[in-house]
Amino acid sequence: NILNYLKTYIIIYNGIMIVLGIETSCDETASAIVSSNHEILSESIYSQIETHKEYLGVVPELAARSHIDHCDKVIKDTIDKANISIKDIDAIAATAGPGLLGGLLVGLTTAKSISLALKKPFVAINHLDGHALTPRLSHKLKFPYLLLLISGGHTMFLSVEGPGKYLVLGQSIDDAMGEAFDKTGRLLGLGYPGGPEIEKLSINGDIERFKFPQPLKGRNNCDFSFSGLKTSVRQTAEKLSPLSNKDKADIAASFQFTICE
């Protein structure tokens, strides 16, 4: 019903629709302004990496407080970059989940307040819908297309058939890939987030030194499993302890290679 209403809204005004999007589902406060002809007019992001670095992971309470402190500033910056007035916005969208509850509430409350003040439509967006459809803003993709979704707690292959229409081809049956990267990074004594640190360390590592398992490989499906791989990395590190810089680089390289394979 919401989508039909927005389509009618576009037809009535017979022009390009401008939408303000707000994202506060995890550890980044972000907003963007996009148009109905698939243009990204502006975007602004405030990262919380420095806030959570000492904890080696996202602390939900700290994340929510940071969103409260920065959401209005990020939105203002986005509007200024687009060189438009807030009154030029035709609709407001915000991530409604999945994500951290405290952060989601900040973004949703802010978006609804702007919607009420402007008397413009508000649209709640599924986080995964946003990831699945964003490539259509930057590339001229036609439905259907194959999507590898590796956001936060999700690792899955999808066939994107249309807005809100997805065919799940396979997904992780246990840990998400991002979790495996973060926990392996923590095991090796690296910084947060683990993924970029493992990638940097892997440059000088030997991808063939350790033969880590590739769970579910050869099965007649597209499912993933990362818990066994994660356990194997931990056991290898424990056997070699204390780890030299060379050991860490080789473990990181072999781990990353195994996941990519």
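The values are calculated or read from the model by the stated rules, or taken from the named source; none is laboratory data. As the structure is a computational prediction, the values presented were derived from the model and not from experiment. Every residue, glycine among them, receives a Cβ derived from its backbone with ideal geometry; neighbour counts consider all protein chains shown. Only protein heavy atoms, including side chains, enter the accessible area calculation; ligands, DNA and RNA are left aside. Shrake-Rupley method; radii C 1.70, N 1.55, O 1.52, S 1.80 Å.
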Of everything in the range 197-230, what is open to solvent by less than 50 Å² (accessible area, probe 1.4 Å), assigned to a helix (DSSP H, G or I) and out of contact with any helix residue (DSSP H, G or I) (no Cβ under 6 Å at 6 or more places or on another chain)? Give them in sequence order. SER227, GLY228, LEU229
Go through the range 25-44 and give me each residue that's in contact with a strand residue (DSSP E or B) (Cβ under 6 Å, 6 or more places away or on another chain), farther than 17 Å from LEU62 by Cα and open to solvent by 40 Å² or more (accessible area, probe 1.4 Å). ILE40, LEU41, GLU43
Residue among GLY130, GLY107 that alone is at pLDDT below 95 and open to solvent by less than 40 Å² (accessible area, probe 1.4 Å): GLY130
Just a yes or no: is a residue in the range 206-213 without any contact (Cβ under 8 Å) to a residue 60 or more places away in the chain, under 30 Å from ALA132 (Cα atoms) and under 24 Å from the mean Cα position of the chain (by Cα)? no
Scanning the range 79-96 for residues that are charged (D, E, K, R) and in contact with a helix residue (DSSP H, G or I) (Cβ under 8 Å, 6 or more places away or on another chain), which turns out most open to solvent (accessible area, probe 1.4 Å)? LYS87
Return the pairs, sorted by first residue and then second, in which the second residue is assigned to a loop (DSSP other than H, G, I, E, B) and among the charged types (D, E, K, R), the first residue lies in the range 225-237 and is farther than 12 Å from PHE181 by Cα and touching a residue at least 40 places away in the same chain (Cβ under 8 Å), the beta carbons are less than 7 Å apart, and the residues are 6+ apart or on different chains. SER225/ASP174
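Could you look through the range 179-191, keep only residues that are of a type in the set (Gly, Ala, Ser) and farther than 17 Å from ASP27 by Cβ, and pick out the one that is least open to solvent (accessible area, probe 1.4 Å)? Spell out how you get there, then give the answer.
Kept after step one, since they are of a type in the set (Gly, Ala, Ser), are these residues of the range 179-191: 180, 185, 189, 191.
Imposing the further condition that a residue be farther than 17 Å from ASP27 by Cβ reduces the set to 180, 189.
Details: ALA180: 0, GLY189: 64 Å².
Applying the filter and picking the extreme gives ALA180.
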Note on GLU61: of the conditions (1) surrounded by 14 or more Cβ atoms within 10 Å (Cβ to Cβ); (2) in contact with a helix residue (DSSP H, G or I) (Cβ under 8 Å, 6 or more places away or on another chain), unmet is (1)
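If I filter the range 155-172 for residues that are polar (S, T, N, Q), part of a helix (DSSP H, G or I), open to solvent by less than 20 Å² (accessible area, probe 1.4 Å) and modelled with pLDDT of 90 or more, do I get at least one hit? Don't jump to the end; show me each part of the working.
Keep residues of the range 155-172 that are polar (S, T, N, Q), which gives 155, 159, 171-172.
Going one step further and asking which of them are part of a helix (DSSP H, G or I), we end up with none.
No, the conditions are met nowhere in the range 155-172.
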Turns out the strands (runs of 3 or more DSSP E) fully within the range 1-77 with at least 2 residues that are touching a Phe, Trp or Tyr at 6+ places or on another chain (Cβ under 9 Å) and at pLDDT 90 or above are 28-35
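Can you tell me which residues in the range 237-261 are outside any loop (DSSP other than H, G, I, E, B), among the acidic types (Asp, Glu) and surrounded by fewer than 21 Cβ atoms within 10 Å (Cβ to Cβ)? Show your work before the answer.
Pass one, the range 237-261, residues outside any loop (DSSP other than H, G, I, E, B): 237-240, 245-260.
Subset that is among the acidic types (Asp, Glu): 238, 247, 250.
Selection gives GLU238, ASP247.
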Can you confirm whether the range 70-78 contains a residue that is more than 22 Å from the chain's Cα centre (by Cα) and crowded, with 18+ Cβ neighbours inside 10 Å? no
Which residue pairs have Cβ atoms closer than 6 Å, lie 6 or more positions apart in sequence or on different chains, and pair a first residue in the range 185-205 that is within 16 Å of GLU238 (Cα to Cα) and modelled with pLDDT of 90 or more with a second residue that is surrounded by 19 or more Cβ atoms within 10 Å (Cβ to Cβ) and basic (Lys, Arg)? LEU188/LYS248
Residue hits (the range 128-178; in contact with a helix residue (DSSP H, G or I) (Cβ under 9 Å, 6 or more places away or on another chain) and within 18 Å of ALA30 (Cα to Cα)) are SER151, GLY152
